[in-house]
Amino acid sequence: MKVVLAYSGGLDTSAILVLLRKKYGAEVITVTVDVGQEEELKGVEEKAYKLGAVKHYTVDAKKEFVEEHVFKAIKANALYEGMYPLGTALARPLIAKKVAEIAVKEGADAVAHGCTSKGNDQIRFDVTLKAYLKPDIKILAPVRELRLTRSESIKILTENGYEVPSSHKKYSIDENMWSRSIEGGILDDPFAEPPEDAFEWTVTPEKASDEPLYMVIEFDRGVPIRVNGEKMDSVAMITYLNKVVGAHGFGRIDLIESRVVGLKSREVYEAPAALTLIEAHQDLERMVLTPKELRFKRLIDEMWSDMVYQGLWVDPMREHLDLVVDSMNRYVSGEVRLKVYKG
């Protein structure tokens, strides 16, 4: 059996790689899709081969992620439940699509992912994979199907003589260039203030610079194209804004989130570029759109955000909403001046 595995290099997907080889005798091809998760990419190919992968792909999808997913989200002011800019939700369909394309190319019998039964990602992966795979290619979700716990994943790796990756991390982190999500540990208590060691992209407002940051962001039909008069590459712009805005203490999110599967979960995020660009875009829309257009667009934006969060990127309805969003952004061009000061 030939299996293509969506591989992050973390604990669960590493254990799945070993499990597929040892328990099912599968040939495993690993695929890592680069959407800006810088730290996670270090040594990922080497680790995959060490764990027994017969082939590894690293796909650079950063530009496609920004221009085909993030820019659509900016035009739709995409904030799930008014706060979360959908970083993970936007990236998962793209990752699943790339994995499916490689599975078809390699003539795989199955595709595997490391999603659990509690989260939203299982839906995002399963729905998108089914849209792009041939009908005879199975979808395997070993963590969900075998009810693998973290301790069992560690046991699988240690029993087979492999080093356990990231076993002592305090938090569960998912990162791409649009957001960094932090959960687990002390954060499971909604009364607990997130400790400073949970954050990497932002400084606490109390320690931010005493000098305010002024910026001018230029939009063309709803898409950001220049910062302070300088035309920037799309990926470079997001990276730059995460760094400079985060250094001034802006970009932290802390909310009780309604998951698709019926759970409430405490989620903490860092998203300096996302919150900056969406807020700037919303303000420009207020300048340009009529009152009736603004009120109608709020409904469209919320529906778009809900669909993406719920894993329905491939649903035709999302494409119809995109057409409305694009039409309403026809005249959303101009400059927005921002001041960032201690958060």
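The values are calculated or read from the model by the stated rules, or taken from the named source; none is laboratory data. Fair warning: this is a prediction, and the values are worked out from it, not measured in the lab. Please note: Cβ atoms are built from the backbone with ideal geometry, for glycine as well, and neighbour counts cover all protein chains shown. Only protein heavy atoms, including side chains, enter the accessible area calculation; ligands, DNA and RNA are left aside. Shrake-Rupley method; radii C 1.70, N 1.55, O 1.52, S 1.80 Å.
If you wrap a convex hull around the C-alpha atoms of the chain and split its volume per residue, what is the figure in Å³?
137 Å³
Under a point spin-label approximation (7 Å from Cα along Cα-to-Cβ), what is the Met317-Lys170 distance to one decimal in nm?
About 4.1 nm, to one decimal.
For helix 234-246, what angle does its Cα long axis make with the longest principal axis of the chain, in degrees from 0 to 90 and rounded to 10?
The answer is roughly 80 degrees.
Just subtract the alpha-carbon distance of Thr290 and Ile225 from 0.36 nm times their residue separation and send over the number in nm, one decimal.
That works out to 21.0 nm of additional length.
Counting only heavy atoms of the protein chains, get the accessible area per residue of the chain (1.4 Å probe) and round it to a whole Å² value.
47 Å²
Add -39500 (n - 2.57) for each DSSP H run of 4 or more in the chain, then divide by its residues: what number comes out at 222 nm, to the nearest 500 deg cm²/dmol?
Rounded to the nearest 500, it is -12000 deg cm²/dmol.
Between Ser209 and Arg259, how many nm apart are label points set 7 Å from Cα along the C-beta direction?
3.9 nm
Can you tell me which lysines have their Cα less than 20 Å from the Cα of Lys22? Leave out same-chain residues fewer than eight positions away.
Straight-distance partners of Lys22: Lys2, Lys47, Lys50, Lys55, Lys138, Lys155.
Check which residues have an amide H placed less than 5 Å from Tyr57's amide H, if you skip close sequence neighbours.
Residues meeting the criterion, in which the H sits 1.01 Å from N, are Thr30, Val31, Thr32.
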